[in-house]
Amino acid sequence: MIRIGIIVGSTRPGRNGEAVAQWVHDLATKRGDAEYELVDLKDYDLRHLDEPNHPSIGNYAHEHTKQWAAKIASLDAFVFVTPEYNQSIPGSLKNAVDFLYAEWANKAAGFVGYGVGGAAQAIGHLRQSLANLGVATVQQQVGLSLFTDFENGSDFKPAAVQEDKLATLLDQVLAWGGALSPLRAA
């Protein structure tokens, strides 16, 4: 069975990402078509990129990097949950992506973003970074608005249409994650 990590991309205190990621996880696990796991960047203590070697070498010096690498290597696909900060992804997420190289390759990813305008710019920036690492990103994305999917900007109450978008996103991530399996095995 394919393993899909739902990555919480913000480490900010008071973040909305935990509630959004839990929503994704709850709906995904009801499907029964894959193993879904919450992966919270807060649990990995990734300092600002502190590895002495380039990630493409895969020779990690620090225990936090080794743990992060093992987690990402164990997954076949991802759903990234990211806020939009200043029309991009948070530094914590960019840093986490940049720590690794080969562990990302030949995997699929989908995106659930949240922000004032649905996080379209953040998702676009994350797509570019992941494409450079050999991640196939799916077409469907979920853009959550702080005005329509959150009460008072913090209480997560997604519009009903978002559930349909998430279902399509998960279908695509599952299909692409499976299709790339022979490349990961090589």
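Here, each number is a calculation from the coordinates, and none is a lab measurement. This is a predicted model, so every value here is computed, not measured. Cβ placement follows ideal geometry from the backbone for every residue including glycine, while neighbour counts extend to all protein chains displayed.
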### Task
With θ set to phi - 60°, apply the Karplus curve 6.51 cos²θ - 1.76 cosθ + 1.60 along segment 114-125 and write out the HN-Hα couplings as whole Hz, x wherever there is a Gly or Pro.
9, x, 4, x, x, 6, 4, 5, 4, 4, x, 5
### Query
For segment 67-165, which chymotrypsin sites (Phe, Trp or Tyr not before Pro) are both in a DSSP coil and crowded by at most 12 other Cβ atoms within 10 Å?
Phe147
### Query
Helix 63-73: angle to the longest alpha-carbon principal axis of the chain, degrees 0 to 90, nearest 10?
70
### Query
Hey, how much of the P(r) for segment 3-185 falls beyond 28 Å, as a percent of Cα pairs?
18
## Note on the structure
Computed over segment 34-92, the distribution of all Cα-Cα distances in 5 Å bins, rounded to whole %, is 3, 14, 23, 23, 20, 13, 3, 0
### Signed unit charges on C-beta, dipole axis of the chain, positive-most listed residue Ala185, Ile89, Val138
Ala185
### Message
Below 8 Å between Cα atoms, with a sequence gap of 6+, how large is the relative contact order for segment 49-186 in percent?
### Response
24
### Query
If you plug each phi of segment 24-39 into the Karplus form 6.51 cos²θ - 1.76 cosθ + 1.60 with θ = phi - 60°, what whole-Hz ³J(HN,Hα) values come out, in order, with x for Gly and Pro?
4, 4, 4, 5, 5, 5, 5, 5, x, 9, 6, 8, 10, 9, 6, 10
#### Entry: Net charge over other residues, Cβ less than 15 angstrom from the Cβ of Pro182 (K, R count +1; D, E count -1)
+1
## Note on the structure
Amide H proximity to Thr137 below 5 Å, modelled H, separation 5+ or other chain, gives Ala109
